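Here's the structure we're looking at; comments come further down.
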Amino acid sequence: MSADISPLAMAFLRQAQAAAKNRIRAQKAAQEGNAEAALLFMALAEAQDVHVKKTMLFLRGRLESTADNLAETLQEARELAVDLLEATILAQAEGDKAGGALLTQMAKSMVSHLALPCMPCGSRLHVYVCTICGHIHVSGAGEQGPGRCPVCQAVPEKFTEVAA
């Protein structure tokens, strides 16, 4: 374990990573027709998400106001975008074309994250996430949903609507 990361922070990172892996494992099991294994992998992922949320709350203390949380979220997104740019340059310098392409796609989708609107309470937004690259599409009441993804060109059916 790194000397500059606390045991709780390490537990948070490992649980978050395990939850993500188990979601992917559940998809693979479902593709292979093994519904029981898919169900167990999803149960593990959801249990690990419980651990992640509890650990994050403990690490962060109590949450601030929505406005403060939004400001912090946008700052974290900016920092992540810079980290992704550095990682992209490093991957390309090392000749990792596939890794560089994935990191470039992530960085491009981050643009949509940084441009999320701050809407007043009561706004009727529809928010969609591209399941291929993570691009976020926001439309207001009466506006059309997503078309093709501007980042990865996925068809509209690859977007899922987010529910609060």
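The values are calculated or read from the model by the stated rules, or taken from the named source; none is laboratory data. Here the structure is a predicted model, which is why all the values come from computation and not from measurement. Note: ideal-geometry Cβ built from the backbone for every residue, glycine included; neighbour counts use all protein chains shown. Ligands, DNA and RNA are excluded from the accessible area calculation, which covers all protein heavy atoms including side chains. Shrake-Rupley method; radii C 1.70, N 1.55, O 1.52, S 1.80 Å.
A few points about this structure:
- Checking each residue in segment 129-151 for being within 19 Å of ALA77 (Cβ to Cβ) and part of a loop (DSSP other than H, G, I, E, B) picks out CYS133, GLY134, HIS135, CYS149, PRO150, VAL151.
Matching residues to (1) free of Cβ contacts under 8 Å to residues at least 12 places away in the same chain; (2) among the aliphatic types (A, V, I, L, M):
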site	(1), (2)
PRO7	yes, no
ALA18	no, yes
ARG25	no, no
ALA71	yes, yes
GLN75	yes, no
VAL82	yes, yes
THR88	no, no
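- Condition check for SER2: more than 30 Å from LEU116 (Cβ to Cβ), hydroxyl-bearing (Ser, Thr, Tyr) and either at pLDDT below 90 or open to solvent by 50 Å² or more (accessible area, probe 1.4 Å) (or both): yes
- Selection from segment 60-89 of residues that are modelled with pLDDT under 80 and closer than 21 Å to GLN17 by Cα: ARG60
- When segment 61-85 is limited to residues that are over 19 Å from the mean Cα position of the chain (by Cα) and within 26 Å of VAL111 (Cα to Cα), the one that is most open to solvent (accessible area, probe 1.4 Å) turns out to be THR66.
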